[in-house]
Amino acid sequence: MKSKSKVVVIGLDSATWDIIKPWMEKGWLPNIKKMVENGVSATCLSFPPITGPAWVSFATGKNPGKHGIYSFFKVVGNLDEITIVSSKDIKGKTFYEILKENGIEPILINLPVTYPPRIKNSIVITSLLTQGEECVFPPSLKDEFPIFKKYRVFPSNLIDSSRSEADIKEIREIEKIRFECAKELFLKKKWDFFFYLISGSDWIQHTYYNDMYYGRVTQDSECVKAFMDFDSYIGWFVNNAPPNTNIILMSDHGASVCKGIFSVNKWLEEEGYLKTTYEKKTKDRGAEELEISGHKKIIINVQKWFWFIINNHILFKIAKKVYDKIGRYLPFHLDLRVGIDISHSKAYHVPNTHGIYINDKKRFKNGIVSEDDYEKIRLELYEKLKNLKDHEGDYVLDMVKLKEEIFYGPELVNAPDILISSRKYKIWHGIGPKFVFGDFNFQDEYGIFIAYGPDIKENINIGTIKIQDIAPTILHMFGLPIPDDMDGKVLKEIFKENSELFWRYIKYIPSKKLELEKLKIKRVTKKLKEKSTSEKHKTI
C-alpha cells in the first residue's frame with residue numbers, strides 16, 4: 001500500500017557541521033536549528049566527496065561501482081580524453097524514476113546529473129552539468145512563470161579562488177531567483193516528492209571556507225548573509241509544507257581546511273610513472289581566444305617564460321595570489337598548463353577524481369602497461385603512496401586503498417585503480433610544485449543529514465549514515481519495494497516508534513524483476529493507448 005504522505009529533500013551543497021553547528025549556536029541559522037532540535041541529525045558520509053558522483057549515489061542508493069559515475073568527467077578511449085558526464089551515463093535506475101513509474105509525482109530542481117531529464121512529463125530543472133542553453137523542462141514553464149526566464153545555472157565568475165564579496169552578492173541573487181522559482185512550483189504544481197538544491201553554499205565555501213571555519217567572519221559578512229538567506233529559504237519550506245510532509249535537509253559532502261596542496265601528477269612524474277611535455281607538439285599559432293566568465297580573452301602561453309615560477313614554491317604562491325586578484329580584469333588569460341604525454345605514461349591522476357589510473361593496454365587505446373605488469377605497478381604505487389611523507393615527516397595521505405576495497409559492482413572496471421584521500425593536503429591533478437603550502441580548503445566525506453516531520457523522532461543524533469541510505473529510505477516512506485541491488489539501507493531509526501513508517505515492513509524486489517515490471521507497465525500502457533485510439537476512431 002502506497003503512503004499518502006509527501007517527502008521534501010533540500011540539498012545544501014557542501015554543508016558541514018563544522019560550520020552549521022557554531023552558526024546555529026550564534027543564532028545565524030534559526031531554521032536549521034529548529035530542524036535539528038525537533039528532528040533527527042547525523043553526519044552523512046560519501047566517497048568520493050565530489051558533487052557529481054555523490055548526488056548520483058543519493059539518487060540511486062548505490063556506490064559508484066554500480067552507478068558508474070566517479071567524477072564530473074568520464075574517460076573515453078584514452079586517459080587524456082575526457083568528456084562531461086550526463087544522466088545517460090548513470091547505470092541502473094534512480095529512485096525518482098521508480099517513484100514516477102508508480103504514480104508518485106516528482107519535481108526536481110537543480111539536482112546534478114539530471115541532464116537530460118530521465119523522467120518524462122515531469123518538472124525537472126537541471127543543474128551544473130547542463131549542456132546547451134535549456135535547463136528548464138518543460139520549457140513552457142518560462143511562459144507560465146516568468147520568473148523562470150531569470151533562472152541561471154552558473155554565476156558569472158567560475159574561478160573559485162578569485163571570487164569577491166561582489167560575486168557573493170551575485171550568488172545570493174541567483175539563489176533568491178531559484179527560491180522564487182521553487183516556491184511557484186511548490187505551491188502551484190502537483191507533486192508528491194520535491195527536491196531543491198542550494199548550490200551557493202558550495203560556491204562560497206570554495207573561496208571563503210577557511211575564514212568561515214576559523215571564525216574570521218561576522219554577521220555582516222556577505223558569506224554569512226548568504227547562509228542566512230539559505231536558512232530562511234529552508235524555513236519557508238518547513239513552514240509551508242503540507243501537514244503530512246516529512247523533510248530531509250542534507251549535503252552531498254562536507255569541507256575542511258588543510259595546510260597545503262599535494263600534486264599527485266607531479267609526484268608521479270618525479271617517480272617516473274608520468275611523462276609531461278612542455279612544448280606544443282603542433283606549430284604555435286600564437287594567441288588564441290577563450291571564453292572565460294562570459295568574456296572573450298586572449299590566451300597567452302607563458303610556460304616557456306615562467307616555468308621557473310611554477311617550480312619555485314614561494315614565487316608560485318605570490319604569483320597565484322596576484323593573478324587571482326587581477327586576472328578577471330585583464331584582457332588576456334595566462335596559460336600555465338603543462339601537457340601530459342599519456343602515450344609514454346604508466347599512471348595518471350585524472351582531474352576531479354580521488355584516485356590514480358594505471359594506463360593499461362586492456363582499457364585504453366594508448367595504454368602502455370601490459371596485463372602482466374598491471375598488478376605489479378599498482379601494488380608498487382600503493383606501497384609508495386602509503387609510505388609517502390612530507391618535509392615535516394608526516395604521512396601525506398590518510399587513506400590509500402585499492403579500488404576493490406572501496407567500490408564494487410559491474411562498473412568497477414572504470415574506477416581509479418588506487419583511491420586516495422588526505423586530511424592534511426588538498427589532492428590536486430595539476431603539474432606545478434609537488435607541494436604548495438598555505439591556507440587551503442578541500443571537499444571531504446563528512447556532510448550533514450537532518451530529518452524532520454510528523455513521522456520523525458525529535459532531538460536525536462544517530463551518529464553517521466551513508467548517502468546511499470537516503471534513496472531506499474525515501475522509497476520506504478512511499479511504501480514502495482526497494483530494489484535488492486541498492487547498497488543503502490532504510491534508516492528505520494529516524495522514525496517515531498508509534499509511526500506507521502516505523503512498523504511498516506521493509507519490502508525488497510529483485511532488480512531484474514523490477515525491469516520486467518517496467519516492461520509490463522509499458523505493454524499495458526501501449527495497449528491502453530491502442531484501445532483508446534481504436535475507440536476514438538469508432539466514435540468518429
Cβ-Cβ FRET estimate between ASP211 and TRP236, R0 fixed at 25 Å, reported to 0.05
0.35
If each K or R counts +1 and each D or E counts -1, the residues other than GLY409 whose Cβ falls under 9 Å of its Cβ total 0
Distance cut-off 22 Å, Cα to Cα: go down the list LYS91/LYS120; LYS4/LYS507; LYS275/LYS362; LYS362/LYS403; LYS150/LYS189; LYS88/LYS275 and report the pairs above it.
LYS88/LYS275
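Using packing as a proxy for protection, rank 37-45, 361-369, 63-71, 212-220 so that the peptide with the highest average count of other Cβ atoms within 10 Å comes first.
Most protected by this proxy first, the peptides run 63-71, 37-45, 361-369, 212-220.
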Bin width 10 Å, origin at 0, all Cα-Cα pairs of segment 430-495: what percent of pairs per bin?
16, 37, 20, 13, 13, 2
Rank by packing, highest mean first: peptides 121-132, 192-203, 493-504, with packing defined as the count of other Cβ atoms within 10 Å averaged across residues.
192-203, 121-132, 493-504
What shape does segment 1-120 have by the C-alpha gyration tensor, where a ≥ b ≥ c are the square roots of the eigenvalues, rounded means a/c under 1.5, and otherwise prolate means a/b greater than b/c and oblate the rest?
oblate
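Any read-out appearing in this document is the output of simple, stated calculations on the displayed coordinates, not a laboratory observation. Remember, predicted model here, so these are calculated numbers, not experimental data. Glycine gets a Cβ as well: all are built from the backbone with ideal geometry, and neighbour counts include every protein chain shown.
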